[in-house]
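Have a look at the structure below before the remarks.
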């Protein structure tokens, strides 16, 4: 099984497990007009990109079915985010994870497109971290980096000001994350761990 296919299966399983969906493959579901998506430029960009990726994946006969079936689970999870003050903190990681899963599952979704704002997944190897890390980017405003590793671990990071390269940061229940990249070099600090030197590998 290829690296893309193995990780995509894991991404689909995590999304389905979190939402309990049994949906079949279907067309993309756009956010409701009343949702906070329409009032926030970053969320609107992420929503549009996920819908674009879903359409491409649905039309890709080689796409991994389990990932396509997770669309209704994604839509249900998005609805659960609500429209309150905490909605964005819920929605951004959800969109990032879905975009990452769709790009892993479908070569069509990864095809070059001037309308695309997503890149990846890119394999990243870090000193002292046994698992290969898979990274996707969403060039919204602000930008987002989505990292997943070890089959069940992930982090959604937000782009921050940087004098050189690109810097992302974030925090969840596990602690604080820091991620800096320039070219094929990177530095990653996971919660409770020292900063690790990393290098992007050629996707195979």
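All of the numbers you see were taken from the coordinates with simple rules; none came from a lab. Computed from a predicted structure; not experimentally measured. When we count neighbours, we look across all protein chains shown, and the Cβ atoms used for this are built from the backbone with ideal geometry, even at glycine.
Given the C-alpha centroids of the range 93-132 and the range 40-55, what is the distance between them in whole angstrom?
Result: 15 Å between the Cα centres.
If a paramagnetic tag sat 7 Å from the Cα of residue 162 along the Cα-Cβ line, which residues of the range 101-121 would have the backbone N under 16 Å from that point?
Within reach of a label on residue 162, which here means backbone N under 16 Å from a point 7 Å along Cα→Cβ, the range 101-121 contributes 119-120.
Mind running the shape call on the range 118-200? Use the C-alpha gyration tensor, a ≥ b ≥ c as the square roots of the eigenvalues: rounded below 1.5 for a/c, prolate if a/b tops b/c, oblate otherwise.
The shape class here is rounded.
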